[in-house]
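Please treat every number below as a calculation from the coordinates, not as lab data. Just so it is clear, the structure is predicted and the values come from calculations on it, not from any experiment. Virtual Cβ from ideal backbone geometry, glycine too; neighbours counted across all protein chains shown.
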Amino acid sequence: MQALAADGYRVVGPVERDGVIAYADLGSGDDLPTSVTVEQSPGRWRLHHDDSGHRFGWTPGADSWKQFVYPAHQEVLRIRRTDGSFVVTSPPPAAQPLAFIGARDCEVRAMAVLDRVVLDPLHPDPRYAQRRDGVFVVAVTCGVPAATCWCTSMGGGPQPAAGFDVRLTEVHDAVGHRLVAEAGSDRGAELLLRLEMGAATTDDLAAANGVARAAADGMPRRLDGAALPALLQGTDHHPNWEAVAERCLSCGNCTMVCPTCFCSTFSDHTGLTDDGSAPIETVREQDWASCFQLDHSTLGGHAVRATTKARYRQWLTHKLQTWTAQFGTTGCVGCGRCTTWCPAGIDIVHEAAVLAGLPTAAQPPNSQKGSSA
Ligand code: SF4
Ligand code: SF4
């Protein structure tokens, strides 16, 4: 961590804060959560402590790395009137490149999904491009999936396979408790050489792979994710959309925590002062938006998706079906956040399975509308 900071990176990673795992600036390895485990289920996230000494025994919370490269709120430009003309300024670019510590496979793949959308060559977002450029990723193999995880159904996990500079796997076996580090890029290899950590043995690597294998075998829910785009075709009038809408609050939590959701809205704010005490300014801002907002689908003065049923259907089918046709990738990486942080406990795996006619080991959905997360 200090080596990355010395190289000029802004180092961010997991911290235990206010009873959850949040992602924030790190000063040293001591800031990482220690002996923390996490319990997740539809509509429920709880943090617990044990005496393991493990640094990565938890599964992610509501935060994702998206918030650092595609912030929930940002200024886009500022227009100031001066002496019969006006001056347009943009916020300065970030002073430091980012280093992400502890990204899980679903999160690494979510960054690639977001890149595909937000860096589309036809209309790349320059602010995202600037923040994303040169991000150093220290990924971590998941050793204990949460009850809401389903990354292996969506083409990944639990061991990051690409998109990282260094991959860590926390191993705790008869040999001892250690982090096995592997390079995924030249600069990752250079960093590991500089740290003089000592070469991993064949047994270390085998143990790391064993951690990943055990986590994959223990993945609590499975669904044929690759088949979903075809299976969800023709389900527009499936009765399950009504059943979900009975419970869905249209709160948009699922979209706010999703690491691949990219909808945003722009607004202009103009100062009212024109008495010469200050120059008149207009500030353009960008904020995350949600397809669960009624006005998000307004066209010609009317909301195209006027009902909760229509909005939930839009969200689920975009994630699991039409995103593939639109962007050539799935829109969902199976992180489970939308299920965990849904106050009604609506479970995307269960709903998708019902709609697609697939068997699932998913837990039954929480039927109590408005149960607390
Ligand atoms: S749709 Fe749900 S499970 Fe899929 S990436 Fe988004 S939050 Fe994760
Ligand atoms: S599915 Fe859950 S989180 Fe998403 S809008 Fe409905 S109630 Fe909110």
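Over the chain, calculate the relative contact order: mean separation of alpha carbon pairs under 8 Å at least 6 apart, over the residue count, as a percent.
Details: 741 pairs, mean separation 74.7, N = 373.
RCO, the chain: 20 percent.
As a footprinting exposure proxy, order CYS258, CYS142 by other Cβ within 10 Å, with the fewest listed first.
CYS258, CYS142
Using 0.36 nm times the number of residues separating HIS269 and VAL304, minus their current alpha carbon distance, what extension gain do you get?
Net length gain for the segment: 9.9 nm.
Listing CYS332, CYS263, CYS149 from the residue with the fewest other Cβ atoms within 10 Å to the one with the most, what is the order? Intermediate results must be reported in sequence, preceding the final value.
Values: CYS332 32, CYS263 15, CYS149 29.
By the 10 Å Cβ count, ascending, the order reads CYS263, CYS149, CYS332.
If each of THR34 and ALA183 carries a label point 7 Å out from its Cα toward its Cβ, how far apart are those two points in nm?
Taking the two extended label points, one gets 3.0 nm.
Averaged over every viewing direction, what's the projected area of the C-alpha convex hull for the range 124-228? Give it in nm², one decimal, please.
With every direction weighted equally, the projected area is 9.1 nm².
Express the Stokes-Einstein translational diffusion coefficient of the range 1-119 in µm² s⁻¹, to the nearest whole number, given a Kirkwood radius over alpha-carbon pairs, 20 °C and a viscosity of 1.002 mPa s.
So the translational diffusion coefficient is about 127 µm²/s.
Considering the zone a paramagnetic label at ALA129 would reach in this model (a point 7 Å from Cα along the Cα-to-Cβ line), which residues of the range 36-78 have amide N under 18 Å from it?
In the range 36-78, the label zone of ALA129 (backbone N under 18 Å from the point 7 Å along Cα→Cβ) covers 69-71, 76-77.
Let me check I have the definition right: for the range 1-50, take the eigenvalues of the Cα gyration tensor, multiply each by 5, take square roots. What are those semi-axes in whole Å, largest first?
On the way: eigenvalues 140, 25, 10 Å².
Over the Cα atoms of the range 1-50, the semi-axes work out to 26, 11, 7 Å.
7 Å from Cα along Cα→Cβ at both GLN233 and HIS48: what's the point-to-point distance in nm?
The two pseudo-label positions are separated by 4.5 nm.
Using Cα-Cα distances under 8 Å and only pairs 6 or more residues apart, what relative contact order does the range 1-149 have, in percent?
For the range 1-149, the relative contact order is 25 percent.
Please report the projected area of the range 231-272's Cα convex hull averaged over all directions, in nm².
5.8 nm²
When the Cα atoms of the range 211-355 are enclosed in a convex hull and the volume is divided per residue, what value in Å³ results?
179 Å³
Give me P(r) over the chain, computed from all C-alpha to C-alpha distances, binned every 20 Å, as integer percentages.
P(r) for the chain, in whole percents per bin: 26, 54, 18, 1.
Between ALA245 and ILE79, what is the label-point separation in nm under the 7 Å Cα-to-beta-carbon projection?
Output for this residue pair reads 4.0 nm.
For the residues ASP224, ASP7, ASP18, what sequence is obtained by ranking on other C-beta atoms within 10 Å, fewest first?
On the way: ASP224 13, ASP7 16, ASP18 7.
Least crowded to most crowded, the residues run ASP18, ASP224, ASP7.
Return the percentage of antiparallel bridges among DSSP beta bridges fully within the range 15-169, rounded to the nearest 5 %.
65 percent
Given contacts defined as C-alpha pairs under 8 Å and at least six residues apart, what's the relative contact order of the range 261-363, whole-number percent?
RCO, the range 261-363: 14 percent.
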